1. With the Cα gyration tensor of region 144-231 giving a ≥ b ≥ c as the square roots of its eigenvalues, does the rule (a/c under 1.5 for rounded; else a/b larger than b/c for prolate; else oblate) give rounded, prolate or oblate?
2. For 209, 136, 229, what's the fewest-to-most ordering of other Cβ within 10 Å of each Cβ?
3. Can you sort 224, 205 so the residue with the fewest Cβ neighbours within 10 Å comes first?
4. List 191, 156, 184 from most exposed to least, where exposure is judged by having the fewest other Cβ atoms within 10 Å.
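Just so it is clear, none of the values below were taken in a lab; they were calculated from the coordinates. Predicted, not measured: the structure shown is a model, and the values here were computed from it. Cβ: placed from backbone, ideal geometry, glycine included. Neighbour counts: every protein chain shown.
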């Protein structure tokens, strides 16, 4: 067995001992136990692979040194990338938010987050009755409001509706048609039987995610440029 393998095995054994001793403390050398274990495992793997390449190329020392340097650089990038993974996720979320406003950039259990669009508003990519509908987050709307086009997409025939509910828009008072939506999905959040209205043709440029859905969430909040919904 090559010396490098022994070194890797000894390193893993020492790491296991350190983890066992520091189990209750939760950290080893200032790192969380899970992080420390991953770094040790990656280092051991790098030693074994790098050593194997070195022995295969031992007749070409210059090439072997170059290859070893490459592996060291790769290992360093992996360690640095893992260390700053949360910062990288935050940057990626901002990029996605700018390129595709409304796309859910964070989802865990019944919690989703959406980045603010360049115009300062929050747009959400939702599924209404299984159809894709882009909605504007609007706490000033007492209910979810669908445009005529989005209502058709969701399986509702606007021509068969009764426009009897009074609503106020930027252009003044008008009426809309009350409906009940089977389900609205926002990322991992799913709300069924949602009160809504369908706007008259030409009175609304975008569908609105209003309080008839927001009131049924556990909570919602804005943190800097992120809208976070807890289902």
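1. Verdict is prolate for region 144-231.
2. Arranged by neighbour count, lowest to highest, 209, 136, 229 become 136, 229, 209.
3. By the 10 Å Cβ count, ascending, the order reads 224, 205.
4. Sorted ascending by nearby Cβ count, the order is 191, 156, 184.
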